[in-house]
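Participant: Have a look at the structure that comes next, please.
The values are calculated or read from the model by the stated rules, or taken from the named source; none is laboratory data. Just so it is clear, the model here is predicted, and its values are computed rather than measured. When we count neighbours, we look across all protein chains shown, and the Cβ atoms used for this are built from the backbone with ideal geometry, even at glycine. These area figures cover heavy atoms from the full protein model, side chains too; ligands, DNA and RNA do not enter into them. Shrake-Rupley method; radii C 1.70, N 1.55, O 1.52, S 1.80 Å.
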Amino acid sequence: MQCTAIVTMLLLLSLPAATLAANGPRNGEPTMSHQNEDIQYRWNLADIYPNTKAWKAALDEVQSSMDRLDACKGCLGKDASSLKSCLDTYFGIMKQLRRVSSYASMLSDENTRDPKALEMRQTASMLGTRFAQRTSYLRPEILAMGEARIHRFLADEAGLDQYRHFLEDILRAKPHTLGAEAESVMATAGLMADAPSSTYSILANAEIPWPTVTLSDGQEVRLDQAGYSRWRATANRADRKKVFDAFWDTWHHYERTCGVTLYSQLKRDLFYTQSRKYPSCMAAALDGDNIPVAVYRALIQETNANLGTLHRYFKLRARMLGIKQLRYYDIYPPLVKADIEFPIDSGEQLVLDALKPLGKEYVATVRRGFEHRWMDAFPRPGKRSGAYSSGSVYDVHPYVLMNYNGDYESVSTMAHEWGHTMHSYLANAAQPYPTADYSIFVAEVASTFNEALLLDHVLETATNDTERLYYLGSALEGLRGTFFRQAMFAEFELKIHELVERGEALSGQRFSEIYGDLLRRYHGDAQGIVKIDDAYTVEWAFIPHFYYDFYVYQYATSIAASSLFAQEVLDGEPGARERFLGVLTAGGSRYPYELLKDAGVDLATPAPYEALVKRMNTIMDEIEAILDRRNGRK
Ligand SMILES: [Zn+2]
């Protein structure tokens with residue numbers, strides 16, 4: 001089951017937006033702190049349960065209803081009505097379970113220091129594990145029924161129609177399902193499967209001793225992951241170099257250990273790939289959502305064909321920062337500084353105005369969400385950091401968690417999260433529960449589309465060139481981070497899996513060589529565009545996503561898809577808006593690649609990638625026009 005919250009959190013971790021969001025609230029601003037306490041900007045969890053007593057009652061009910069699941073064991077294939085009644089039970093309990101656990105986790109996110117909320121969250125999570133254990137017979141039993149019988153049941157019982165996609169998806173796994181004894185071994189092997197990622201996670205998050213450096217103004221800063229994200233963007237070049245040198249030198253000490261954990265992860269992937277008879281690790285990973293490998297290949301091919309656009313961006317960056325030879329530590333500082341403040345009311349209004357091309361109903365729903373407390377807007381002590389949208393409470397409405405701090409990145413994050421929110425809202429309204437949940441492959445299309453609309457809107461309403469440059473620069477940096485950087489990660493991930501498939505042993509040093517080659521190619525090192533020092537090629541060790549099994553490519557494909565949709569909608573192409581909204585409304589009723597393809601965006605072809613590259617070039621044309629105008633050139 002996909003979780004928008006997780007998608008969003010991951011995206012924010014990998015983007016510069018996270019850095020800004022992680023900087024926390026700006027203190028001492030009277031309007032902000034006043035709003036901060038305003039109940040209007042707290043989400044209203046009472047829409048789910050009036051109080052924790054009602055939550056407890058719901059939890060108990062889920063628990064006792066689980067007994068009904070045992071009665072289904074061995075009976076699914078009896079006849080069509082038995083199958084229907086068992087699936088009704090299964091999805092009915094799952095829906096209530098997600099309501100119970102969403103409430104508990106959002107309550108705990110309101111104040112992560114509240115032990116009672118944490119306990120509720122853990123209780124719900126344990127119940128989720130028990131549900132998974134008690135329904136583990138479901139898939140094998142359905143698979144054993146066979147295609148002919150399932151299709152006969154589907155023809156006989158109209159009530160099974162809402163489960164058609166679910167059933168057919170289980171049947172699809174047939175060629176990769178083993179005999180009972182082998183499946184039991186596979187399940188037991190799962191006990192070891194998370195060892196590489198858990199070891200890496202402990203090392204990266206808890207055990208690496210982070211360095212401290214003294215900046216040119218005498219300030220001493222600790223370079224843990226958050227500190228690095230913040231200080232790598234500092235305006236002082238010598239400080240940036242110092243931050244890079246200290247941070248990557250620390251990682252360098254763990255190059256060998258990280259090499260072992262990553263290599264172990266690759267061998268783990270190879271074990272599942274070979275056991276389940278897939279042609280490659282990439283094919284195995286993409287099969288989960290039924291994504292053709294041609295999508296992954298198209299992404300890599302089109303990205304490489306368009307590296308010239310990325311290089312143009314770096315040259316423009318060098319010009320704007322006034323640096324002759326750009327180095328890797330020069331890629332993070334913002335191109336333009338602008339102190340533009342957006343109190344929450346004007347931020348919300350900006351988002352509503354920007355979303356107008358999506359139609360009156362879409363905008364009216366977002367407004368209703370703003371007015372009826374679907375969002376927890378401001379940072380507070382103890383509140384979870386970052387931003388997410390959760391559409392898991394099917395019968396109520398989606399919720400948004402933000403740490404709004406009044407800058408433009410906050411407004412952009414708000415547009416992004418409400419993209420996820422409206423996706424959930426439309427899918428939940430149009431689909432029965434079993435097909436409402438959408439896949440990660442389409443999730444970021446909905447959110448990044450809204451960012452594109454916001455950019456278009458702020459450029460139209462900006463009152464001066466400094467403001468315009470700021471928005472354009474921020475959009476460019478977003479495209480670099482969400483498209484090119486993620487595509488580079490995707491290429492690295494593919495390359496290292498292919499080497500292991502060919503039987504090559506990989507060490508930390510070898511990972512650095514492979515990653516360094518990619519870094520240099522993407523950044524135009526040979527052409528003298530961005531010089532990459534050897535000391536920084538250990539960056540692969542810093543990226544947790546390499547333990548997520550071909551995950552990051554979806555950021556790049558999503559923003560390519562949304563670029564094509566946005567271009568068509570903003571150009572007023574007839575039917576474009578309806579096609580886009582159709583994708584959102586379809587939820588999880590179809591496979592995501594086909595869903596997008598039938599809506600006119602085929603991610604296995606060059607068109608969406610070309611739209612993204614065109615968007616990036618248009619932005620750079622506009623920046624250069626402003627710079628030339630400022631320099632008095634015609
Ligand atoms: Zn997102």
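Participant: Report Rg(Cα)/(2.2 N^0.38 Å) for the chain, keeping two decimals. Don't jump to the answer; show the numbers that get you there.
Facilitator: On the way: Rg = 25.0 Å, N = 634, 2.2 N^0.38 = 25.5 Å.
Dividing the Cα Rg of the chain by 2.2 N^0.38 Å gives 0.98.
Participant: What number comes out for accessible area per residue over the chain if the probe is 1.4 Å? Units Å², please. Don't jump to the answer; show the numbers that get you there.
Facilitator: Working: 26400 Å² over 634 residues.
Ligands and nucleic acids excluded, the result is 42 Å² per residue.
Participant: Could you look at the chain and say what percent of its accessible area is carbon and sulfur, using a 1.4 Å probe and all protein chains? Kindly include the intermediate steps, with their values, before the conclusion.
Facilitator: Numbers: 13590 of 26400 Å².
For the chain, the apolar C and S fraction of the accessible surface comes to 51 percent.
Participant: Let me ask you something else. Taking chymotrypsin sites (Phe, Trp or Tyr not before Pro) as exposed when DSSP calls them loop (any state but H, G, I, E, B) and at most 16 other Cβ atoms lie within 10 Å, what is the longest stretch of the chain free of them, the sites themselves excluded? If you can, show how the numbers build up before the last one.
Facilitator: Values: sites that count: Tyr137, Tyr548.
Result, exposed sites excluded: 138-547.
Participant: Something else: Using 0.36 nm per residue, how much length does the chain from Asp353 to Ala148 gain when fully extended, once their Cα-Cα distance is taken away? Walk me through the numbers before you get to the answer.
Facilitator: Details: separation 205, 0.36 × 205 = 73.80 nm, distance 5.22 nm.
Here the segment from Asp353 to Ala148 would lengthen by 68.6 nm.
Participant: To the nearest 0.05, what FRET efficiency results for Ser85 and Asp533 with a Förster distance of 51 Å applied to their C-beta separation? Kindly include the intermediate steps, with their values, before the conclusion.
Facilitator: On the way: r = 65 Å, r/R0 = 1.27.
The calculated FRET efficiency here is 0.20.
Participant: Considering Cα pairs under 8 angstrom that are at least six residues apart, work out the relative contact order of region 182-301 and quote it in whole percent.
Facilitator: Values: 67 pairs, mean separation 24.0, N = 120.
Dividing the mean separation by the residue count of region 182-301 yields 20 percent.
Participant: What pairs from Lys95/Lys383; Lys84/Lys597; Lys315/Lys337; Lys116/Lys383 go past 22 Å between their alpha carbons? Walk me through the intermediate numbers first.
Facilitator: Values: Lys95/Lys383 26 Å; Lys84/Lys597 31 Å; Lys315/Lys337 19 Å; Lys116/Lys383 15 Å.
Correct reply: Lys95/Lys383; Lys84/Lys597.
Participant: Still on this structure, I have one more. Pro209: net charge of surrounding residues, Cβ under 14 Å, Lys/Arg +1, Asp/Glu -1, itself excluded? Intermediate results must be reported in sequence, preceding the final value.
Facilitator: Values: positive: Arg222; negative: Glu207, Asp224, Asp249.
For residues surrounding Pro209, the net value is -2.
Participant: I've got another one for you. Give me the distance in nm between label points sitting 7 Å out from Cα along the Cα-to-Cβ direction at Arg297 and Ser198, one decimal.
Facilitator: My value for the distance between the label points is 3.8 nm.
Participant: If you don't mind, there's one more thing I want to ask. Hey, what angle do you get for helix 508-523 against the long axis of the chain, alpha-carbon based, 0 to 90 degrees rounded to 10?
Facilitator: Taking Cα atoms only, the helix is inclined about 60 degrees.
Participant: How large is the dipole of region 510-611 about the Cα centre if only Lys and Arg carry +1 and Asp and Glu carry -1, each at its Cβ, rounded to the nearest 20 debye? Display every interim value, and only then the final one.
Facilitator: Working: 8 positive and 15 negative charges, 25 e Å.
Computed charge dipole of region 510-611: roughly 120 debye.
Participant: With each label point set 7 Å from Cα along the Cα-Cβ vector, what nm distance links Leu570 and Glu504?
Facilitator: Computed distance between label sites Leu570 and Glu504 equals 4.0 nm.
Participant: Can you tell me the 0 to 90 degree angle between the C-alpha axis of helix 440-461 and the longest principal axis of the chain, rounded to 10?
Facilitator: Its long axis makes an angle of about 40 degrees.
Participant: What is the gain in length, in nm to one decimal, between Leu215 and Ala155 on full extension, counting 0.36 nm per residue of separation less the C-alpha to C-alpha distance? Numbers along the way, then the final one.
Facilitator: Details: separation 60, 0.36 × 60 = 21.60 nm, distance 7.11 nm.
Stretched out fully, the Leu215 to Ala155 stretch lengthens by 14.5 nm.
Participant: Find the relative contact order for the chain and round it to a whole percent, using C-alpha pairs within less than 8 Å whose residues are 6+ positions apart.
Facilitator: For the chain, the relative contact order is 21 percent.
Participant: How large is log10 of I(q)/I(0) for region 39-176 at q = 0.11, 0.14, 0.16, 0.21 Å⁻¹ when the intensity is taken from the Debye formula with one equal scatterer per alpha-carbon?
Facilitator: For region 39-176, the Cα-only Debye profile gives -0.51, -0.73, -0.85, -1.15.
Participant: Grab the DSSP H runs of the chain that are 4 residues or longer, score each as -39,500 (n - 2.57), total them, divide by all residues and round the 222 nm result to the nearest 500 deg cm²/dmol. Numbers along the way, then the final one.
Facilitator: Values: 29 runs with 400 residues, N = 634.
About -20500 deg cm²/dmol.
Participant: Moving on to the next point. Only four residue types carry charge here, +1 at the Cβ of Lys and Arg and -1 at the Cβ of Asp and Glu. Report the dipole size of region 39-176 about the Cα centre in Debye, rounded to the nearest 20.
Facilitator: Working: 21 positive and 18 negative charges, 52 e Å.
Rounded to the nearest 20 debye, it is 240 debye.
Participant: Okay, moving on. Under the 0.36 nm per residue contour assumption, what length would be gained going from the current alpha-carbon distance of Ser184 and Ser385 to full extension? Display every interim value, and only then the final one.
Facilitator: Working: separation 201, 0.36 × 201 = 72.36 nm, distance 4.01 nm.
Length gained, Ser184 through Ser385: 68.4 nm.
Participant: Moving on to the next point. Using only Cα atoms and rounding to the nearest 10 degrees, what angle (0 to 90) does helix 52-65 make with the longest principal axis of the chain?
Facilitator: 50 degrees
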